[in-house]
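Following: one structure in structure tokens, then a few remarks.
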């Protein structure tokens, strides 16, 4: 129960205009889905989001470096939107319990290559 309370408090603090802090949200994904079905990940897949309340900014730190993302709080959770340099869209939604889905809307050489990951996030 404590992680849910901490998560909710962190989201409330993040949305407050007077907040003057940086939060780290670490997401671990254990399963993913492609056109071939749902599978377990073979290697750990972790995304880390840095939320800078003071500057109203958010960043994704992944295995390929970091990038600025749009953070949209709502519905008791938060959604991050990343637009890659090649125009692909990645979204990550985290609910009030820390349950998360990360969706990749990728095109490679004009072909759609979608994937979706399922996991859990926690503030650290």
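The values are calculated or read from the model by the stated rules, or taken from the named source; none is laboratory data. Because the structure is predicted, anything quoted here is derived from the model rather than measured. With ideal geometry, Cβ positions are generated from the backbone for all residues, glycine too; neighbour counts draw on all protein chains shown.
Worth pointing out:
- Counted residues, region 97-124 - those being touching a strand residue (DSSP E or B) at 6+ places or on another chain (Cβ under 8 Å) and either surrounded by fewer than 13 Cβ atoms within 10 Å (Cβ to Cβ) or modelled with pLDDT under 95 (or both): 10
- For region 70-91, the set of residues classified as exposed (fewer than 13 other Cβ atoms within 10 Å of the Cβ) and assigned to a strand (DSSP E or B) consists of 70, 74, listed by residue number.
- Top-ranked residue of region 1-32 - restricted to ones that are farther than 19 Å from residue 81 by Cα and at pLDDT 60 or above, ranked as farthest from the chain's Cα centre (by Cα): 20
- Residues of region 42-84 satisfying the condition of being touching a helix residue (DSSP H, G or I) at 6+ places or on another chain (Cβ under 8 Å), on the phi < 0 side of the Ramachandran plot and in contact (Cβ under 8 Å) with a residue 60 or more places away in the chain: 73, 77, 78
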